[in-house]
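**Q** Before anything else, here's the structure in question.
The values are calculated or read from the model by the stated rules, or taken from the named source; none is laboratory data. What you see is a predicted model; the values in this text were computed from it and never measured. Because the Cβ atoms are built from the backbone with ideal geometry, glycine has one as well, and the counts that use them run over all protein chains shown. With ligands, DNA and RNA removed, areas are computed over all heavy atoms of the protein, side chains included. Shrake-Rupley method; radii C 1.70, N 1.55, O 1.52, S 1.80 Å.
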Amino acid sequence: MSPPSPLYIAVCGPGVASPEEEALAEEVGRRVARAGAVLVCGGMTGVMDAAAQGAEAEDGVSIGILPGPDRTGASPHLTYSLPTGMAEGRNVLVARAADALVAVAGEFGTLSEIAFALKIGVPVVGLRTWELHRKGRLAEVFPTAETPEEAVSMALDLASARGNTR
């Protein structure tokens with residue numbers, strides 16, 4: 001019998017990130033790699049680049065699902081980069097590829113990845129990201145973490161509970 005395949009943890013966040021957001025994402029990437037999971041991201045700058053850099057520093061595997069038709073502008077820290085030519089439409093692919101998703105801070109692209117993940121049943125963990133409201137009340141549709149360590153631990157637990165069918 002073959003060994004189980006690794007979990008795939010998506011990390012999403014702004015392409016233009018603050019140094020603090022990049023530090024959080026880099027630590028998330030490190031912890032994903034240390035856990036033996038595969039990091040999935042949008043493959044470009046900001047949080048995506050920082051998460052890939054963290055995974056690379058721990059000899060982990062990272063996959064960037066790129067918005068453009070080629071690898072131009074892709075993070076140099078990715079293990080694999082996959083051009084889609086789908087622009088922001090690639091966000092659904094990031095969510096679909098994941099067993100769980102960690103949202104670090106974020107802009108509207110991050111919000112779309114959160115929404116796609118929730119719509120298709122991929123667990124989401126927030127780390128200083130969007131709060132969602134429904135009918136004027138906080139909609140607690142995903143857990144939030146205070147630290148990268150907590151975010152990755154929660155994501156791995158949620159992904160494992162969901163079952164790894166890849």
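**Q** Could you look through segment 7-35, keep only residues that are assigned to a loop (DSSP other than H, G, I, E, B) and open to solvent by less than 50 Å² (accessible area, probe 1.4 Å), and pick out the one that is nearest to A74 (Cα to Cα)?
**A** Just the residues of segment 7-35 that are assigned to a loop (DSSP other than H, G, I, E, B), to begin with: 7, 13-18, 35.
Of the ones still in play, those that are also open to solvent by less than 50 Å² (accessible area, probe 1.4 Å) are 7, 13-15, 17-18.
Working: L7: 23, G13: 15, P14: 15, G15: 11, A17: 16, S18: 19 Å.
The extreme case among them is G15.
**Q** If I filter segment 137-166 down to residues being part of a loop (DSSP other than H, G, I, E, B) and at pLDDT below 95, which single residue comes out as farthest from Y8 (Cα to Cα)? Can you show your working first?
**A** Applying the first criterion (part of a loop (DSSP other than H, G, I, E, B)) to segment 137-166 yields 139-143, 146-147, 163-166.
The next check asks that each one be at pLDDT below 95; those that pass are 139-140, 163-166.
Values: A139: 26, E140: 24, G163: 11, N164: 9, T165: 11, R166: 9 Å.
Ranking the qualifying residues of segment 137-166, first place goes to A139.
**Q** If G43 meets every condition in (1) touching a helix residue (DSSP H, G or I) at 6+ places or on another chain (Cβ under 9 Å); (2) part of a loop (DSSP other than H, G, I, E, B); (3) within 25 Å of P4 (Cα to Cα) apart from one, which number is that one?
**A** Just one mismatch for G43, condition (3).
**Q** Quick one: would you say P14 is more than 13 Å from the chain's Cα centre (by Cα) and at pLDDT 95 or above?
**A** no
**Q** Taking the condition of being open to solvent by less than 40 Å² (accessible area, probe 1.4 Å) and not aliphatic (A, V, I, L, M), how many residues in segment 145-166 meet it?
**A** Start the filter on segment 145-166 by keeping residues that are open to solvent by less than 40 Å² (accessible area, probe 1.4 Å), which leaves 145, 148, 151-152, 155-156, 159, 163.
Remaining after also requiring not aliphatic (A, V, I, L, M): 148, 163.
Selection size over segment 145-166: 2.
**Q** Now for a different question. What pairs come up if the first residue lies in segment 52-65 and is within 20 Å of R96 (Cβ to Cβ) and part of a loop (DSSP other than H, G, I, E, B), the second is modelled with pLDDT of 95 or more and open to solvent by 60 Å² or more (accessible area, probe 1.4 Å), and their beta carbons are under 9 Å apart, counting only those six or more places apart or on different chains?
**A** V61/T79; V61/Y80
**Q** Could you list, in sequence order, all residues of segment 115-166 that are of a type in the set (S, T, N, Q) and under 22 Å from P6 (Cα atoms)? Full working, then the answer.
**A** Of the residues in segment 115-166, the ones of a type in the set (S, T, N, Q) are 129, 144, 147, 153, 160, 164-165.
Across segment 115-166, the qualifying residues are S153, S160, N164, T165.
**Q** Let me ask something else about it. Identify, please: which residue in segment 133-144 is without any contact (Cβ under 8 Å) to a residue 24 or more places away in the chain and within 18 Å of the chain's Cα centre (by Cα) and is, among those, surrounded by the fewest Cβ atoms within 10 Å (Cβ to Cβ)?
**A** Residues of segment 133-144 that are without any contact (Cβ under 8 Å) to a residue 24 or more places away in the chain, as a first pass: 133-141, 143-144.
The next check asks that each one be within 18 Å of the chain's Cα centre (by Cα); those that pass are 141, 143-144.
Values: V141: 12, P143: 15, T144: 17.
By that ranking, first place goes to V141.
**Q** So, one more: Please enumerate the residues belonging to segment 36-62 that are surrounded by 21 or more Cβ atoms within 10 Å (Cβ to Cβ) and either farther than 20 Å from A105 by Cβ or at pLDDT below 95 (or both).
**A** Result: A37, V38, E56, G60.
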